[in-house]
Structures are given as C-alpha cells and as structure tokens.
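Novice: So that we are looking at the same thing, I have put the structure below in structure tokens.
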C-alpha cells in the first residue's frame, strides 16, 4: 500500500488548484491556494507533519519554479508530460480542480510519465537560444516588410542579387524620402533590421563563457 500523501497540482500564473490524496483515501481533499512561495510552504508544512508527501504537476508555461521550491522543501515532485496523461474517452469537461484530482489519483496509481527537469543553467541557455531565434525571426519579417515598402515607393535594387549582401545593405542605407512620414517609416524599418552589434549601437545577448573544467594547480 502507498503510504505517501499525493499532491496533485494544477499550476497557473496566479493560483494553484490542489488535490490532497491521503493513504487509503479514494476522494482527495481539494482547495485553491495563491501561486506564491509562502502559500506552497504553508501547504507543505501543514501536510508534511502528518506523513510523507509527494507532488506532481503538468509541464507548462509556469516553468519549473514550483518543482524547485517543493524539492528544496524536501518534497519529491514530478513534472508530468501533458500529452502522456491517460484520458477517459468522451470526457471533455476540464476544470482546474478536476485536473488536480486526476493528477493525484493517477500519480498514486503510477500511471503518469515524468519529464526530466533541466537544471537552472540548462534552462538559462535554452532561454538564450529562444531569444536569439525570436530576434532572427523578427528581423527576417522586418526585412520582408521593408522590401515591400521600398517596392511600393518604386525603389528597386539595380543588381540581380537576391540575398542581403553588403552592397545591398549599403544601398538600403543610402535611400531617403522627401515625405517626412515615409522617411520616418523607412528609418524605423532600417533600425529594426540592423544586425545587432553593428554600428547602430544595439546590443545583443552574449553566450555565457564556457565553464573551465580543466584541473587547476593547487
């Protein structure tokens, strides 16, 4: 028999639906708490005195702060892969409390699949990669819009080059418009499409230095 108390958590930005399934219980106790470290600590301190606690919640936009806080408090926590959670056929009604209740029951039954939680360093590197990809996508879209703007203004690059070459970049920066509004619009496009780290002075996030794992002299 499982002697642990299972906490099923449905985590949102401002609140957490909690289902508390104690040993031998079939229907969990349910409550809503604020999504704050203080509320989670209070939940754990009250339940932890009555036996062993384990927790789980679905991976999602809330990230891994809940996992890290619970594990720091000595509560084993699994972050569950949402797509691998068993679902009842034909059941479409979903609420925060129902989700928490199902998580607690399925966790006790051993029917949930946990993901590997990245370390804080790994998560930071992932975020850096995402930011770079987002900035590249934003710049690519801006460059397409700028080309469309120039086409509407009757400006066509005289060469046949299709890529964004140095010559094309110089031609872009040499364009000016007599209408102040058109000039302002074009300058906005130029500023948004200028590569980070160029003479425009815009900054770009840099990769953290690689850790030095070489042995150091003692």
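Novice: Can you tell me which residue in the range 114-139 is farthest from residue 189 (Cα to Cα), limited to those that are touching a helix residue (DSSP H, G or I) at 6+ places or on another chain (Cβ under 9 Å) and in a helix (DSSP H, G or I)?
Specialist: Going through the qualifying residues, I end up with 120.
Novice: Name the strands (runs of 3 or more DSSP E) wholly within the range 21-113 that hold at least 1 residues that are under 17 Å from residue 3 (Cα atoms), within 24 Å of the chain's Cα centre (by Cα) and assigned by TED's automatic domain parsing to the domain that holds residue 9?
Specialist: Answer list for the range 21-113: 53-58, 77-80.
Novice: Could we say that residue 19 is touching a strand residue (DSSP E or B) at 6+ places or on another chain (Cβ under 9 Å) and at pLDDT 95 or above here?
Specialist: yes
Novice: Given 167, 160, which one is part of a helix (DSSP H, G or I), over 30 Å from residue 17 (Cα atoms) and either free of Cβ contacts under 8 Å to residues at least 12 places away in the same chain or touching a strand residue (DSSP E or B) at 6+ places or on another chain (Cβ under 9 Å) (or both)?
Specialist: The unique qualifying residue is 167.
Novice: Could you grab me the full set of residues in the range 116-144 that are within 30 Å of residue 23 (Cβ to Cβ) and surrounded by 14 or more Cβ atoms within 10 Å (Cβ to Cβ)?
Specialist: Within the range 116-144, 117 is the sole residue that qualifies.
The values are calculated or read from the model by the stated rules, or taken from the named source; none is laboratory data. Here the structure is a predicted model, which means the values were calculated and not measured. Note: ideal-geometry Cβ built from the backbone for every residue, glycine included; neighbour counts use all protein chains shown.
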